[in-house]
Amino acid sequence: MTPPAIVLLPHVDFDTGTLRGSGIETAVRTIADLKGIFRDARALETLDPKAVVYRVEAYAPVAEGTEGGLFWGATFIEPGMVGDEYFMTKGHFHARRNRGEYYVTVAGEGALILMDEARQTRFEAMSPGSVHYIPGHTAHRTANTGNAVLSFVACWPSDAGHDYETIAARGFSARLRNVAGVPALVEEA
Ligand code: S6P
Ligand code: ZN
């Protein structure tokens with residue numbers, strides 16, 4: 001009789017959020033990938049285009065677009081600034097607007113910036129253990145406001161999809177900037 005196949009389950013390191021195992025896909029976003037995301041284009045030009053700003057490790061046990069499935073991911077944002085803005089993710093709405101998501105912070109300090117479809121923007125402080133529910137119809141972006149890597153894990157529906165175009169075209173209505181040493185949302189003019 002053939003012995004049952006040994007399935008190697010993915011494994012999370014709870015000190016760092018790192019995912020290990022087969023089938024984990026990694027995406028890297030460098031300074032060069034983030035042109036147009038930060039307000040200070042001159043400050044961006046002074047940075048090494050190849051420098052990594054963030055990395056995403058994702059586990060997709062079902063095909064993208066599958067209804068009823070869930071994906072798991074971990075995001076790692078390096079500490080750094082572009083002018084007075086913190087290193088941050090591109091940000092997106094889910095393509096299927098009503099799909100929500102959970103984030104749980106593993107390490108570091110940061111902010112989850114949320115914007116609804118009426119372009120009202122707010123943020124939630126992220127620190128180890130903080131649980132963030134991102135409702136549907138809400139664009140989300142994370143920024144590293146600390147001096148060490150910010151890492152968080154995420155779980156979202158496999159049919160959520162990602163709409164980056166809306167944010168690329170119009171951005172968020174407010175930016176998280178270092179104002180007198182403190183992260184603060186500043187409305188776009
Ligand atoms: C996916 C989830 C995260 C982000 C990641 C990077 O729905 O929200 O895994 O993909 O934090 O951000 P972005 O905006 O570049 O996808
Ligand atoms: Zn998302």
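In table form, for the structure just shown:
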read-out: Matching residues in segment 135-161 - criterion: being among the hydrophobic types (A, V, I, L, M, F, W, C), more than 18 Å from PHE76 (Cβ to Cβ) and assigned to a loop (DSSP other than H, G, I, E, B); value: ALA160
read-out: Every residue from segment 120-132 that is open to solvent by 30 Å² or more (accessible area, probe 1.4 Å) and over 20 Å from TYR164 (Cα atoms); value: GLU124, ALA125, SER127, PRO128, GLY129, VAL131
read-out: Condition met for ALA63 (under 26 Å from ASN98 (Cα atoms) and at pLDDT 95 or above); value: yes
read-out: Criterion: at pLDDT 95 or above, over 29 Å from PRO61 (Cα atoms) and in contact with a strand residue (DSSP E or B) (Cβ under 9 Å, 6 or more places away or on another chain) - qualifying residue of SER158, SER173, SER151; value: SER173
read-out: Any chance ALA139 is open to solvent by less than 20 Å² (accessible area, probe 1.4 Å), within 12 Å of ligand 2 (Cβ to nearest atom), modelled with pLDDT of 95 or more and touching a Gly at 6+ places or on another chain (Cβ under 9 Å); value: yes
read-out: Segment 73-98 - residue that is in a strand (DSSP E or B) and β-branched (Val, Ile, Thr) and, of those, farthest from ASP13 (Cα to Cα); value: VAL82
read-out: Members of segment 99-119 that are within 15 Å of ligand 2 (Cβ to nearest atom), part of a strand (DSSP E or B) and open to solvent by 20 Å² or more (accessible area, probe 1.4 Å); value: TYR102, VAL104, ASP116
read-out: Pair list, Cβ under 6 Å, 6 or more apart: segment 60-76 residue on the phi > 0 side of the Ramachandran plot, other residue within 16 Å of ligand 2 (Cβ to nearest atom); value: GLY65/ASP159
read-out: Residue within segment 61-75 that is open to solvent by less than 40 Å² (accessible area, probe 1.4 Å), within 20 Å of SER127 (Cβ to Cβ) and more than 12 Å from ligand 1 (Cβ to nearest atom) present; value: no
read-out: Residue count, segment 162-179 (criterion: open to solvent by less than 60 Å² (accessible area, probe 1.4 Å), within 15 Å of ligand 2 (Cβ to nearest atom) and not in a strand (DSSP E or B)); value: 3
read-out: Meets criteria (in a loop (DSSP other than H, G, I, E, B) and crowded, with 17+ Cβ neighbours inside 10 Å) for PHE38; value: yes
read-out: Condition met for GLY65 (within 23 Å of THR166 (Cα to Cα), within 16 Å of ligand 2 (Cβ to nearest atom) and outside any strand (DSSP E or B)); value: yes
read-out: Count - residues of segment 147-161 that are under 13 Å from the mean Cα position of the chain (by Cα) and within 15 Å of ligand 2 (Cβ to nearest atom); value: 5
read-out: Residue list for segment 98-149, filter: among the β-branched types (Val, Ile, Thr) and either touching a residue at least 40 places away in the same chain (Cβ under 8 Å) or more than 11 Å from ligand 1 (Cβ to nearest atom) (or both); value: VAL104, THR105, VAL106, ILE113, THR121, VAL131, THR138, THR142, THR145, VAL149
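The values are calculated or read from the model by the stated rules, or taken from the named source; none is laboratory data. What you are looking at is a predicted structure, and each value in this text was computed from that prediction instead of being measured. Please note: Cβ atoms are built from the backbone with ideal geometry, for glycine as well, and neighbour counts cover all protein chains shown. The area values use the complete protein model at the heavy-atom level, side chains included, leaving out ligands, DNA and RNA. Shrake-Rupley method; radii C 1.70, N 1.55, O 1.52, S 1.80 Å.
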